[in-house]
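What follows draws every value from the coordinates through simple rules; no lab data is involved. The shown structure was predicted, so the numbers you read here are calculated from the model rather than taken from an experiment. Counting neighbours? That spans all protein chains shown, and the Cβs are built from the backbone with ideal geometry, glycine included.
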Amino acid sequence: MQRLFSTFPDGSPGIGLLLLRVGAAVVLIAQGVSCLTARQAVTWGAWAVGIVAAASGALLLVGFMTPLAGVLAALDSAGVVFSWLPSPAPHAPGPGVAALLPAVAAAAIALLGPGAISIDAVLFGRREITIPDRPAARREE
C-alpha cells in the first residue's frame, strides 16, 4: 500500500488534504443517501450508485483505502453527472459544472494520497526504525 503514496504530508499540506477529503466525502455521502432514500421506483443500478457513493464517501472521510475510494468516488460521481449511471435523485451540488466538482476532488485525493491525518497513514505510513548499537566484539587472545 505504501507504494501508492509518495508521502503522508503533515502540517498545512496534511490539513489541506483533510479538508479536501471531508468536502468530497460530505457531498458523496449526501448523494448516496439521497439515492438510497428516493421515494420513486429505484432500480438496482440506482441502489448500486447510492451504495458506492456512500461507501466511498465514508472511506474518504476517515482516510481508509484512499486510492481505491478516490477512484470509485470519481467514477461514480462522473457517471452520475454525465448520465452514464442511473440516479433517482438530483446531484447534491446542483446542475452544471458544480456537479463535477466531487469527481475532480476525489480524483485529486486518489492521486495525492490521504495525508498524515488518516487511517492509511497510521496503517501504512513511514515508520522510524531504531537499530540498537552493536556491542563491541570480544577478542579472544
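Miscellaneous remarks
- Packing around the peptides 12-23, 73-84, 56-67, taken as the average count of other Cβ atoms within 10 Å per residue, puts them in this order, highest first: 56-67, 73-84, 12-23.
- Integer Hz, Karplus 6.51/-1.76/1.60 couplings in order for the range 59-72, x for Gly and Pro: 5, 5, 4, 8, x, 10, 6, 4, x, 5, 5, x, 5, 4
- Each part reduced to its alpha carbon centroid, the range 97-137 and the range 63-80 end up 17 Å apart.
- Shown here: the range 6-132, whose C-alpha atoms stretch 65, 26, 19 Å along the first, second and third principal axes, sorted largest to smallest.
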